[in-house]
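The values are calculated or read from the model by the stated rules, or taken from the named source; none is laboratory data. Worth saying up front: this structure is predicted, and the values here are computed from it rather than measured. Quick reminder, even Gly has a Cβ in these numbers, built from the backbone with ideal geometry, and neighbours come from all protein chains shown. Ligands, DNA and RNA are excluded from the accessible area calculation, which covers all protein heavy atoms including side chains. Shrake-Rupley method; radii C 1.70, N 1.55, O 1.52, S 1.80 Å.
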Amino acid sequence: MFSLSEENYLKTIFHLEKIYPAGVSTNALAGEMETKASSVTDMLKKLSEKKLVKYRKYQGVQLSDKGHKAAVEVIRKHRLWEVFLVEKLNFSWDEVHDIAEQLEHIKSEKLTQELDKFLEFPKRDPHGDPIPDAEGNFRIANKVLLADLEEGESGICVGVKDSSTEFLQYLDKNNIALGKSVTVVHREAYDESLFIKINDEDLHVSKSISNNLFVKPVE
């Protein structure tokens, strides 16, 4: 059994490893956890003693196989609870993250299994992120950022990079949702903003927006 704080560190290291595959620095982890570097160092020593991470001073930290498994279990529970909250309790996708942050620490393996079964084994959460299966396997999606599409290219909205309340509410306000078709009509050279057509409606989006929306390219 791991503490709530330990699980949060493992989950955060898991996500940061995608950006820093050679090792996550103490400062990067402190910034993400919004705490002091000295506090991070203390926690990493504890996680290292439990053989959850491989930590060498000045070289960063990586999850061990044991730590990777524990992190994926937390992520699996988080994303299943988000599906439950949206599909069964009628929460909107911008409301579920903080609640799932609390529910993800419930320790019952049976509850997780039954929740997965009750939801009919969903593959993705409401934000388009893959849900690990019971063995910890992810289903990798063919996706790119909207910003990566060329003029005239189209895609289907499949996920978000930014799951903040503000960003999701912006998408809702502009009728941008997962499963919708989007085509890049024109890229503005000055600021790289995009003029797009989404479900036959014209919309102008900033570079910040296009860099936070994932699409599955349409051949």
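The single condition from (1) without any contact (Cβ under 8 Å) to a residue 12 or more places away in the chain; (2) open to solvent by less than 90 Å² (accessible area, probe 1.4 Å); (3) of a type outside the set (F, W, Y) that E120 fails is (2).
Restricting attention to the range 9-25, the residues that are open to solvent by less than 30 Å² (accessible area, probe 1.4 Å) and part of a helix (DSSP H, G or I) add up to 7. Within the range 178-187, can one find any residue that is touching a His at 6+ places or on another chain (Cβ under 6 Å), surrounded by 14 or more Cβ atoms within 10 Å (Cβ to Cβ) and touching a residue at least 12 places away in the same chain (Cβ under 8 Å)? No; the residues of the range 178-187 include none that is touching a His at 6+ places or on another chain (Cβ under 6 Å), surrounded by 14 or more Cβ atoms within 10 Å (Cβ to Cβ) and touching a residue at least 12 places away in the same chain (Cβ under 8 Å). The strands (runs of 3 or more DSSP E) found wholly in the range 148-219 and carrying at least 2 residues that are under 25 Å from E101 (Cα atoms), within 21 Å of the chain's Cα centre (by Cα) and of a type outside the set (F, W, Y) occupy 154-160. Given the structure, is K45 assigned to a strand (DSSP E or B), in contact with a strand residue (DSSP E or B) (Cβ under 8 Å, 6 or more places away or on another chain) and open to solvent by 20 Å² or more (accessible area, probe 1.4 Å)? No, not satisfied. Taking the range 86-95 as the range and being under 20 Å from N175 (Cβ atoms), of a type outside the set (S, T, Y) and surrounded by 13 or more Cβ atoms within 10 Å (Cβ to Cβ) as the test, the residues that pass are V86, F91, W93, D94, E95.
Remark: pairs (first residue in the range 142-169, open to solvent by 40 Å² or more (accessible area, probe 1.4 Å); second residue basic (K, R); Cβ separation under 9 Å; 6+ apart in sequence or on different chains) = N142/K216; K143/K216; V144/K216; E150/R187; E151/R187; I156/K180; I156/K216.
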